[in-house]
């Protein structure tokens, strides 16, 4: 039997202590993500979607329930789970290639490391910028380096926390195509948090729609469209409408108006 | 002439303008007899004295001794400051235990330690180096703590997710991120170290640039005093410039141009 690299989130709740009072930010999240699946979480700010990612990666404690990644119950960070943040979070004092190399988590020879770094640099399209310092790169290129750093350790599950949120519209579309290409090439399970509905539809097999205070799963929408997807396609619009209904609570929404 | 050369020449002009004017006025006033030369010797006299002190090697011997004391004291003081600062920056408990002690001891002027140090270690090299150690220690300590504490949590999270060992996080994330602050501490420390050695030598020494100045006072040789004072200034400036250069080199990742 093949190794299972899916993710099970089993009745997970999360509370924070604020002024001595327990405030629930996530309520009974229960969802399973299959091995190799691309799933997005969309929701208004404050719905706890970033907190959920932090629990999956092992940076936050789980108040109730449990998360199982592959065969492992999540209690602390693991090399099996990589993460890309909204900010590239590169170390400004080392070059792009050194930053990517930092993502390597197992012992190996210098030559082997160099080979892996080169492979990643080519995968994310940063050839020629190996020796540059992060400050010398544009936002989109920094994010490419950050993705390479997350991928080089060969995690089974990649978490993306609004990775393109800080980029301009053109760079964002470019990066969405890139991440799709990487996903198809690397066949990893990916979980993306975003507030960009089009981005979610363009990339995902399924979209988890969350509602805030406390964060709950409102609906899970399957996107059964072939890739690459056409953002102006009628089915695409239909799904977008379905998601917007979830947010705005109205059945009649003028899509043209939204654009 | 290209633009770059022009701006360098311009820089030199503005840098030298004020000293040259002062020296000229001073020399003219001395020539005219408006200044009593036993109190304020003319620039010409001071230069004569400088040449004489260079020729009989007295200036270099004394400066050399002072610099050697500073090097020893600075190295020990900054290593102690770095180690303790790192511990205090990393561990809140250590910080809590030592914080009040630092608060009381740090404001004590270096000169106030000299009598005690002489009593403890004697009048030899030890007490002078000890003063410099103390002088270097404080700025390095404070800036190291500051630098370590201000490490970006977001960058630390990246290392946590990648399951990096604690010492790797320290060496590759915390210390590099604290480096700008640490270098500032070292630069300030080197400045204090240099003034400490002069102060210590003025109080109790038989060699060194501070001693040379005090001895000249007893002998009423104002020109020698001036040579001493100016050399202290020049060496201090060179030390500072050296650290700025080091800073530029080590923190080149921090600059946009290049």
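Taking residue B:87 as meeting all but one of (1) more than 14 Å from chain A (Cβ to nearest Cβ); (2) under 30 Å from residue A:107 (Cα atoms); (3) in contact (Cβ under 8 Å) with a residue 60 or more places away in the chain, write down the number of the exception.
Failing condition for residue B:87: (3).
Would you pick out the residues in region A:163-173 that are crowded, with 16+ Cβ neighbours inside 10 Å and free of Cβ contacts under 8 Å to residues at least 40 places away in the same chain?
Result: A:164, A:167, A:171, A:172, A:173.
Given the conditions (1) more than 21 Å from residue A:31 (Cα to Cα); (2) surrounded by 18 or more Cβ atoms within 10 Å (Cβ to Cβ), report the number of the one that residue A:215 does not fulfil.
(1)
Please go through region B:82-115 and pick out each residue that is more than 21 Å from the chain's Cα centre (by Cα), under 18 Å from residue B:185 (Cα atoms) and exposed (fewer than 11 other Cβ atoms within 10 Å of the Cβ).
Once the filter is applied, which keeps residues that are more than 21 Å from the chain's Cα centre (by Cα), under 18 Å from residue B:185 (Cα atoms) and exposed (fewer than 11 other Cβ atoms within 10 Å of the Cβ), region B:82-115 yields only B:103.
I'm trying to understand the selection: among the residues of region B:41-64, which are more than 26 Å from the chain's Cα centre (by Cα), surrounded by fewer than 16 Cβ atoms within 10 Å (Cβ to Cβ) and not in a helix (DSSP H, G or I)?
B:56, the sole residue that qualifies.
Can you name every one of the strands (runs of 3 or more DSSP E) wholly within region A:99-211 that holds 1 or more residues which are modelled with pLDDT under 85?
A:206-211
All but one of (1) within 28 Å of residue A:243 (Cα to Cα); (2) touching a strand residue (DSSP E or B) at 6+ places or on another chain (Cβ under 8 Å); (3) within 13 Å of chain B (Cβ to nearest Cβ) hold for residue A:35; state the number of the condition that does not hold.
Only one criterion is unmet by residue A:35, namely (3).
Quick one: which residue in A:75, A:60 is surrounded by fewer than 19 Cβ atoms within 10 Å (Cβ to Cβ), over 28 Å from residue A:209 (Cβ atoms) and more than 8 Å from chain B (Cβ to nearest Cβ)? Outline the logic, then answer.
Values: A:60 fails: over 28 Å from residue A:209 (Cβ atoms).
Criteria check complete, one pass: A:75.
Given the conditions (1) under 19 Å from the mean Cα position of the chain (by Cα); (2) surrounded by 19 or more Cβ atoms within 10 Å (Cβ to Cβ); (3) facing another protein chain (nearest Cβ under 10 Å), which single one is not true for residue A:67?
Failed condition: (3).
Answer yes if at least one residue in region A:118-129 is under 21 Å from residue B:165 (Cα atoms) and surrounded by 19 or more Cβ atoms within 10 Å (Cβ to Cβ), and no otherwise.
The answer is no; no qualifying residue exists.
Just name the residue that is nearest to the other protein chains (Cβ to nearest Cβ) out of those in region A:95-108 that are free of Cβ contacts under 8 Å to residues at least 24 places away in the same chain and touching a helix residue (DSSP H, G or I) at 6+ places or on another chain (Cβ under 9 Å). Full working, then the answer.
To start, the set of residues in region A:95-108 that are free of Cβ contacts under 8 Å to residues at least 24 places away in the same chain comprises A:98, A:107-108.
Those left that are additionally touching a helix residue (DSSP H, G or I) at 6+ places or on another chain (Cβ under 9 Å): A:98, A:108.
Values: A:98: 9, A:108: 15 Å.
Selected residue: A:98.
Do the conditions hold for residue A:19, that is, is it surrounded by fewer than 16 Cβ atoms within 10 Å (Cβ to Cβ), over 19 Å from residue A:218 (Cβ atoms), over 21 Å from the mean Cα position of the chain (by Cα) and away from chain B (no Cβ under 14 Å)?
Criteria met by residue A:19.
Is it the case that residue A:88 is modelled with pLDDT of 85 or more and either surrounded by fewer than 17 Cβ atoms within 10 Å (Cβ to Cβ) or under 17 Å from the mean Cα position of the chain (by Cα) (or both)?
yes
Need at least 1 residues that are farther than 20 Å from residue A:194 by Cβ and in contact (Cβ under 8 Å) with a residue 12 or more places away in the chain per element, so show me which strands (runs of 3 or more DSSP E) inside region A:19-80 make the cut, counting only ones lying wholly within it.
A:21-33, A:64-69
The values are calculated or read from the model by the stated rules, or taken from the named source; none is laboratory data. Everything quoted here is computed from the prediction, not taken from an experiment. Cβ atoms come from the backbone with ideal geometry, glycine included; neighbour counts cover every protein chain shown.
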